[in-house]
Number of protein chains: 2
Amino acid sequence: MTRKLHLNLFLHDTGHHEASWRLPESDPYANLSLEAHQRLSRIAEDAKFDSVFLADSPVLWSDPGRRPSGKLEPTLLLAALIASTSRIGLIATASTSYNEPYNLARRFASLDHLSGGRAGWNIVTTAGADAARNFGLDDQPLHADRYQRADEFLDVSTKLWDSWADDAVLADKRAGVHAAADRVRSIEHRGRYFRVDGPLNLPRSPQAWPLLVQAGSSEDGKEFAAKWAEAVFTAQPTLAESQAFYADLKKRAAAAGRDPDHVVILPGIVPIIGDTAAEAQELDAELDRLIAPRYAVATLAHLLRVPAESLDLDKPLPEDLPPEEEIEGAKSRRTLIVDWARRENLTVRELIGRLGGGRGHRTFTGTPVQVADTIQEYFENGAADGFNIMPAVLPSGVEAFATKVVPILQERGLFRTDYEGTTLREHYGLPRPASRLHAGAVRDRGYR
Amino acid sequence: MTRKLHLNLFLHDTGHHEASWRLPESDPYANLSLEAHQRLSRIAEDAKFDSVFLADSPVLWSDPGRRPSGKLEPTLLLAALIASTSRIGLIATASTSYNEPYNLARRFASLDHLSGGRAGWNIVTTAGADAARNFGLDDQPLHADRYQRADEFLDVSTKLWDSWADDAVLADKRAGVHAAADRVRSIEHRGRYFRVDGPLNLPRSPQAWPLLVQAGSSEDGKEFAAKWAEAVFTAQPTLAESQAFYADLKKRAAAAGRDPDHVVILPGIVPIIGDTAAEAQELDAELDRLIAPRYAVATLAHLLRVPAESLDLDKPLPEDLPPEEEIEGAKSRRTLIVDWARRENLTVRELIGRLGGGRGHRTFTGTPVQVADTIQEYFENGAADGFNIMPAVLPSGVEAFATKVVPILQERGLFRTDYEGTTLREHYGLPRPASRLHAGAVRDRGYR
C-alpha cells in the first residue's frame with residue numbers, strides 16, 4: 001500500500017489570522033455558532049480530511065477586544081457536530097491539570113460511543129497562571145509536575161476505558177443478564193495525584209480509547225508524546241526544523257518501545273491561497289494591515305514576560321529577554337518565536353505580522369500548486385506524515401484548500417479519494433488498542 | 001392567560017421500569033445510541049413537551065447484569081441532540097460535588113449558546129461512597145457539607161455567567177474592537193470551597209443562565225430548591241403527599257424572597273398506558289414478571305443499608321432498619337420508600353415490583369383518559385404545575401403518551417398546541433435572569 005498523507009482541519013471560527021474577523025466576508029459571531037462549525041466540518045468531510053480539531057484553554061485567552069474570544073467547550077461543540085457529519089474524526093483539546101480523570105475519560109468515551117468511533121483527545125497540561133486562578137491555585141503547577149500529572153492521568157484514563165472487556169455486554173434478554181459482571185472490573189488506582197476505584201460507567205467504546213493527540217514540543221512534551229501520543233501537532237517554521245523534529249520524535253517513540261509508524265506527525269501550516277501568487281500576497285497583506293498593533297504587542301509581551309513598553313514596533317526584540325528556564329508555560333513556542341525573530345532579524349512589527357497568521361506555524365502564501373508542492377516536499381522528505389491545516393481565513397480558506405489543493409494531492413496519489421474505514425484510528429492507519437486489564441477473545445458486538 | 005401545565009420527558013434508554021430492556025420490542029443497546037435518543041426527543045418535541053431530561057451519577061450505578069448500566073455523559077448526549085431538534089429544552093444532570101465550577105458553568109453556557117437557549121441544569125450533590133471513591137475520597141462528604149458546597153457552586157457559576165454584560169460584544173470591524181473590555185469583568189470569588197478569578201471565556205448566553213432544576217426532597221434539598229431552583233422534580237406517591245410538598249416548597253420560595261410562580265413543581269409519574277384498563281394491567285404485570293429478584297433485592301438492601309440476606313421476598317421489611325439520621329445519601333427517597341412499604345404493609349416482593357416501575361414515583365396504570373384525568377386532578381388541586389413523565393417502556397410509552405394523552409390535555413385547554421417562545425425558560429414561563437454583576441441597558445445582539 002502506498003503511504004498516504006493525512007489532513008486535519010484546525011477549526012478556529014473566522015480563521016487563524018487574528019484579524020480575520022475584520023474582513024467583510026467574516027461572521028464575527030462564528031465562534032458561538034453551531035451552523036458555522038457544521039459548515040466547516042462538512043467542507044472538511046466532503047474533502048475526506050481525517051479529522052477536525054479544536055484547541056482549548058479554560059481561561060479567557062486574550063483581551064476580549066482583540067478578536068472573538070468566547071470559546072465553546074470543545075467536547076460539547078464536537079458532540080453537537082456528530083449528527084451533521086458521518087465519517088470525519090472529531091478531536092477535542094482537554095486539560096489534564098484542571099479535570100478529574102473519571103469525568104474526562106467518561107466524556108471522551110461518550111464522544112466515541114455517540115460518534116461511532118470518531119473521537120480524539122488532544123492532551124494538554126495548560127500553561128499559565130491565569131488558568132490556574134480559575135481553579136483555586138495562585139499560579140500554575142511547575143512544568144515537570146504538570147507532565148507527571150498528565151502521565152498518571154493517562155494511566156488512570158486508559159485503565160478506565162479498559163475496565164469493561166470488549167465482550168462484557170451480553171444483552172441476554174432470556175436469562176435477564178445484561179452484562180457479565182466478571183468482565184467488568186474496578187481499577188483500584190492509587191497514585192501520586194489520583195485515587196480512582198472505577199469501573200467506568202460505560203462499556204468499551206468503538207475505538208476503545210479516543211485517538212490520543214499531543215502538541216507540546218518541550219523536552220517533557222516530546223517524552224510524553226513518545227510514550228502516549230498517536231498523532232502529534234507541531235509548529236515548525238522551516239523544512240529543516242520539521243525534519244529534525246520528525247526524526248527526533250520517531251526515534252523517541254522507538255526508544256519507548258513503540259512502532260514509530262504509530263505516531264503520526266502533523267506540522268501546522270497556514271495556507272494563504274490565491275489563484276495567482278499576486279492574489280495570495282494581496283490577501284496576506286490585507287490581513288496584516290488589519291492587525292491592531294496595541295493588542296498584538298500586549299500578547300507578545302505577555303508571552304515573553306516583558307513589559308509592553310519595552311517592545312518598540314520598529315526595532316528588533318530587546319537583547320535581555322528572560323531566559324527560557326525561568327518561564328513555566330508555553331516553553332517551546334516562546335523559544336521558537338525568539339529564535340525565528342533573531343535569525344531573520346525581524347522588527348517587532350514584522351514579527352507580529354508573522355505571528356498574526358501562524359503563531360509560530362509555517363505560513364505559506366501561494367497558488368494551489370505551490371501549496372501542494374510544499375506539502376509533497378515535506379511528506380516525501382521525512383518532515384511530515386500529513387498536515388494540520390490552519391487556514392488564515394474561514395470558511396473561505398478551507399473551501400479553497402478543499403476544492404483547489406486537495407484535488408491536486410489526490411491526482412498525485414498522495415491523498416485518499418474516499419474514506420476506507422469508519423473510525424478515526426482507521427483514517428490515520430492506527431490499530432485499536434488492546435485491553436490493559438482484560439485478556440481473552442474479543443467479540444464484535446456491532447456498535448452502531 | 002390561562003395557566004398551562006408543563007411536561008418533561010425523563011429519558012431512560014428502554015424505559016424507567018428496570019426490566020423494560022427484556023421486552024421483545026426493546027433495543028438493549030439503546031443506552032449508547034444517538035439514534036435512540038434522537039427518536040425519543042423528536043417524539044417529545046412533536047408533542048410540544050417543554051423539555052427532555054437525563055439523570056446522572058459519575059459511578060457505575062448498579063450490577064451491570066441487571067439492566068443497561070452504561071450511561072453516556074448527559075451534557076454531551078444533549079449537545080448531540082441539538083441538531084435534530086429545534087425547540088425542546090435539554091436538561092442535563094451534573095454534580096456540584098465532583099466538578100469544578102469554571103468547567104461546569106462553561107459547559108452549560110456552551111450548551112445554551114449551541115442550542116439557542118434550550119439548556120437546563122439539574123443540580124445534584126451526588127450521594128454515595130461509590131461515587132466518592134472515583135474522585136480520591138474514601139467516603140462521600142456529609143449531606144450538609146454537600147449542600148453548602150452546592151450553594152457556593154451556584155454562587156460562583158451565576159457570577160461566571162454574568163461576567164460578560166449582555167452588551168459586551170460589539171463586533172466592531174471598523175474600529176477593530178470585538179468586545180468592550182470594560183463590560184467583561186473578573187469575579188474574584190474567594191469562598192470556603194472555591195477560589196475562582198474569572199471571567200468566563202464565553203459571552204452571556206441566550207438564557208443568561210441555564211434553567212436551574214433540582215430534585216432533592218430532604219430538608220437541605222428543599223432549602224436549596226427554594227433559593228435556587230426554577231423547576232423541581234419530585235417523587236410523591238400520592239395526591240395528598242404531592243399537595244403537601246407543593247404547598248411547602250412554594251412557601252419556602254416566598255420566604256426566600258422569590259415569586260412562588262417562578263418555581264415550577266413537576267412530580268414524577270410513571271404512566272403505563274393501555275387502550276383498555278385490562279391492556280394496561282397486562283403490560284404492568286408482564287414487566288413485573290421480568291424483574292430478576294436477585295438484582296432488585298441487592299439494590300433495595302443497599303439503599304436501606306442492610307445485608308441482602310436480611311430481606312425475605314415474602315415478608316415485610318425488617319423492623320430494625322438503620323434510622324434515617326445515620327444514612328448520608330439518598331435521604332428522602334429512602335424515607336419515602338420505607339414509609340410507603342409500612343403503610344401498605346407490602347412484602348419485599350411487592351415492594352420491588354413497585355420500585356421497578358417508579359422508584360418511589362407515582363405509577364399510574366390505565367387508559368389515556370384515566371391518565372389525563374389524574375394529571376388534571378393534580379394540576380387543578382395544588383399538587384403540580386406539570387409532570388415529569390417517566391414511561392415504564394421507551395419509546396412505546398412516550399409514543400402512547402404523545403399520541404393519546406397529550407391530545408386530550410390539549411382539547412381540555414390544559415396544554416399548549418404549539419411552542420410560543422424559543423427558549424427553555426420561555427416554555428416554562430420563567431424570566432431571563434438579570435445580571436448580578438453588570439448594570440445598564442441590555443442590548444439585544446440577536447443570538448442565533
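Structure values in brief
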item	result
Residue check for A:Asp138: buried (at least 22 other Cβ atoms within 10 Å of the Cβ), over 17 Å from the mean Cα position of the chain (by Cα) and not β-branched (Val, Ile, Thr)	no
Single match in B:Ala226, B:Ala215 (criterion: out of contact with any Cys (no Cβ under 9 Å at 6 or more places or on another chain), among the small types (Gly, Ala, Ser) and without any contact (Cβ under 8 Å) to a residue 60 or more places away in the chain)	B:Ala226
Qualifying residue in the range B:190-210 (condition: in contact (Cβ under 8 Å) with a residue 24 or more places away in the chain, hydroxyl-bearing (Ser, Thr, Tyr), buried (at least 24 other Cβ atoms within 10 Å of the Cβ) and within 28 Å of A:Arg67 (Cα to Cα))	yes
Enumeration of residues in the range A:108-123 that are crowded, with 24+ Cβ neighbours inside 10 Å and within 9 Å of chain B (Cβ to nearest Cβ)	A:Ala109, A:Ser110, A:Leu111, A:His113, A:Leu114, A:Ser115
Some residue of the range B:84-92 being touching a residue at least 40 places away in the same chain (Cβ under 8 Å), facing chain A (nearest Cβ under 7 Å), surrounded by fewer than 23 Cβ atoms within 10 Å (Cβ to Cβ) and in contact with a helix residue (DSSP H, G or I) (Cβ under 7 Å, 6 or more places away or on another chain)	yes
The range A:218-245: number of residues that are more than 24 Å from A:Gln148 (Cβ to Cβ), in a helix (DSSP H, G or I) and in contact with a helix residue (DSSP H, G or I) (Cβ under 9 Å, 6 or more places away or on another chain)	4
Matching residues, the range B:189-215, being in a loop (DSSP other than H, G, I, E, B), charged (D, E, K, R) and in contact with a strand residue (DSSP E or B) (Cβ under 8 Å, 6 or more places away or on another chain)	B:Asp197, B:Arg204
Test result for A:Ser186, out of contact with any helix residue (DSSP H, G or I) (no Cβ under 8 Å at 6 or more places or on another chain) and not in a helix (DSSP H, G or I)	yes
Filter result for A:Leu137 (more than 20 Å from B:Leu32 (Cβ to Cβ), part of a helix (DSSP H, G or I) and within 13 Å of chain B (Cβ to nearest Cβ))	no
Residue list for the range B:22-43, restricted to those being touching a Leu at 6+ places or on another chain (Cβ under 9 Å), within 11 Å of chain A (Cβ to nearest Cβ) and either in a helix (DSSP H, G or I) or of a type in the set (Asp, Glu) (or both)	B:Arg22, B:Ala30, B:Asn31, B:Leu32, B:Leu34, B:Ala36, B:His37, B:Gln38
Unique residue being more than 14 Å from every other protein chain (Cβ to nearest Cβ) and either closer than 22 Å to A:Tyr98 by Cα or over 16 Å from the mean Cα position of the chain (by Cα) (or both) when the list is B:Asp220, B:Asp166	B:Asp220
Test: residue in the range B:14-21 that is under 26 Å from B:Gly216 (Cβ atoms), surrounded by 24 or more Cβ atoms within 10 Å (Cβ to Cβ) and among the β-branched types (Val, Ile, Thr)	no
Hits in the range B:274-295 - residues which are in contact (Cβ under 8 Å) with a residue 40 or more places away in the chain, out of contact with any Ser or Thr (no Cβ under 9 Å at 6 or more places or on another chain) and among the small types (Gly, Ala, Ser)	B:Ala292
Evaluation of B:Ala105 against (1) assigned to a loop (DSSP other than H, G, I, E, B); (2) at negative phi; (3) within 14 Å of chain A (Cβ to nearest Cβ); (4) not hydroxyl-bearing (Ser, Thr, Tyr) (one fails), failing number	(1)
Any hit, the range A:352-360, residues being in contact with a strand residue (DSSP E or B) (Cβ under 9 Å, 6 or more places away or on another chain) and farther than 27 Å from A:Ser57 by Cα	no
Filter pass, A:Asp312 being surrounded by 13 or more Cβ atoms within 10 Å (Cβ to Cβ) and within 15 Å of A:Arg354 (Cβ to Cβ)	no
Residue within the range B:178-197 that is within 26 Å of B:Asp56 (Cβ to Cβ), in contact with a Leu (Cβ under 9 Å, 6 or more places away or on another chain) and facing another protein chain (nearest Cβ under 9 Å) present	yes
Out of B:Thr158, B:Thr126, sole residue that is on the phi > 0 side of the Ramachandran plot and either of a type in the set (A, V, I, L, M, F, W, C) or crowded, with 20+ Cβ neighbours inside 10 Å (or both)	B:Thr126
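Results for (1) in contact (Cβ under 8 Å) with a residue 60 or more places away in the chain; (2) facing chain A (nearest Cβ under 9 Å); (3) under 22 Å from B:Ala109 (Cα atoms); (4) out of contact with any helix residue (DSSP H, G or I) (no Cβ under 9 Å at 6 or more places or on another chain), shown as yes or no for each residue.
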residue: B:Asp46; (1), (2), (3), (4): yes, no, no, no
residue: B:Asp50; (1), (2), (3), (4): yes, no, yes, no
residue: B:Pro58; (1), (2), (3), (4): yes, yes, yes, no
residue: B:Trp61; (1), (2), (3), (4): no, yes, no, no
residue: B:Arg66; (1), (2), (3), (4): yes, yes, no, no
residue: B:Glu73; (1), (2), (3), (4): no, yes, yes, no
residue: B:Leu78; (1), (2), (3), (4): no, yes, yes, no
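Throughout, read-outs are computed from the coordinates displayed, never taken from laboratory work. Since we're looking at a predicted model, the values are computed, not measured. Cβ coordinates were reconstructed from backbone atoms using ideal geometry, including for glycine residues, and neighbour counts include every protein chain displayed.
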